[in-house]
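The values are calculated or read from the model by the stated rules, or taken from the named source; none is laboratory data. Since the structure is predicted, the reported quantities are computational estimates derived from the model, not experimental observations. As a convention, Cβ positions derive from the backbone with ideal geometry for all residues, glycine included, and neighbour counts pool all protein chains shown.
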Amino acid sequence: MEYCVGTLTLRIRVEHSRSLKDKRRVLRSLRDRLRRRHNLAVAEVGGQNSWRSSVVASATVAGSAAGARRVLEAAHDEAVRVLGRDLIDADLDILAL
């Protein structure tokens, strides 16, 4: 049986953040939406101690590369809506296993 693992990595800069608490509030909102609406595993993987920057990774498993890509592209669109200009960059990768 073949399946695919897809990852979406988001580089975020929260300009208006004045503390880690402010940044974590933004990230929590994003994480909760991506988990609830797209059934993704989501974690902050970089910038944990920075007030204004972060790297967030999300992952999905699907039966096809097209299915994984569809889920991750929808999640990317959601991140753009939630973060706006705070989203600096995004990378989408698919690994067939």
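Restricted to segment 21-42, and to residues that are in contact with a Ser or Thr (Cβ under 8 Å, 6 or more places away or on another chain) and either of a type in the set (Gly, Ala, Ser) or in contact (Cβ under 8 Å) with a residue 24 or more places away in the chain (or both), which residue is surrounded by the fewest Cβ atoms within 10 Å (Cβ to Cβ)? Before you say what the answer is, go through the steps one by one.
We begin by selecting, within segment 21-42, every residue in contact with a Ser or Thr (Cβ under 8 Å, 6 or more places away or on another chain); these are 23, 26-27, 34, 38-42.
Then drop every residue that is not either of a type in the set (Gly, Ala, Ser) or in contact (Cβ under 8 Å) with a residue 24 or more places away in the chain (or both), which leaves 23, 26-27, 34, 38-41.
On the way: Lys23: 24, Val26: 17, Leu27: 22, Leu34: 25, His38: 19, Asn39: 11, Leu40: 22, Ala41: 13.
Here the answer is Asn39.
For segment 5-23, enumerate the residues that are of a type in the set (Asp, Glu) and part of a loop (DSSP other than H, G, I, E, B). First the steps, then the outcome.
So in segment 5-23, the residues of a type in the set (Asp, Glu) come out as 15, 22.
Residue satisfying the conditions is Glu15 alone.
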* Structure fact -> With criteria (1) assigned to a helix (DSSP H, G or I); (2) of a type in the set (Lys, Arg); (3) at pLDDT 95 or above; (4) in contact with an Asp or Glu (Cβ under 9 Å, 6 or more places away or on another chain), Arg85 comes up short on (3)
* Among the residues of segment 48-68, count how many are modelled with pLDDT of 95 or more and closer than 14 Å to Arg11 by Cα. => 6
* To do: Return yes when Val71 is modelled with pLDDT under 95, outside any strand (DSSP E or B) and under 13 Å from the mean Cα position of the chain (by Cα) and no when it is not.
  => no
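So in segment 6-19, with the set limited to residues that are of a type outside the set (Val, Ile, Thr), surrounded by 14 or more Cβ atoms within 10 Å (Cβ to Cβ) and farther than 21 Å from Asp93 by Cα, which one is farthest from the chain's Cα centre (by Cα)? Walk me through how you get there before you give the answer.
Just the residues of segment 6-19 that are of a type outside the set (Val, Ile, Thr), to begin with: 6, 8, 10-11, 13, 15-19.
From the residues that got through so far, the ones that are surrounded by 14 or more Cβ atoms within 10 Å (Cβ to Cβ) too are 6, 8, 10-11, 13, 17.
Keeping just the survivors that are farther than 21 Å from Asp93 by Cα gives 13, 17.
On the way: Arg13: 13, Ser17: 19 Å.
This residue is Ser17.
Based on what the data block shows, is Ser50 outside any helix (DSSP H, G or I), in contact with a Lys or Arg (Cβ under 7 Å, 6 or more places away or on another chain) and more than 15 Å from Ala90 (Cα to Cα)? First the steps, then the outcome.
Numbers: outside any helix (DSSP H, G or I): yes; in contact with a Lys or Arg (Cβ under 7 Å, 6 or more places away or on another chain): no; more than 15 Å from Ala90 (Cα to Cα): yes.
Criteria not met by Ser50.
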* Structure fact -> Asn39 meets each of (1) at positive phi; (2) within 11 Å of the chain's Cα centre (by Cα) with one exception, condition (2)
* **Whichever residue in segment 43-55 is under 11 Å from the mean Cα position of the chain (by Cα) and not acidic (Asp, Glu) and, among such residues, is surrounded by the fewest Cβ atoms within 10 Å (Cβ to Cβ)** => Ala43
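Where residues in segment 43-82 are of a type in the set (D, E, K, R) and free of Cβ contacts under 8 Å to residues at least 24 places away in the same chain, which of them is nearest to His16 (Cα to Cα)? Even if it seems obvious, please write down each step before you answer.
Step one: of segment 43-82, the residues of a type in the set (D, E, K, R) are 44, 52, 69-70, 73, 77-78, 81.
In the following step, the residues that additionally are free of Cβ contacts under 8 Å to residues at least 24 places away in the same chain were identified as 44, 70, 73, 77, 81.
Working: Glu44: 19, Arg70: 31, Glu73: 26, Asp77: 22, Arg81: 17 Å.
Within segment 43-82, the match that is nearest to His16 (Cα to Cα) is Arg81.
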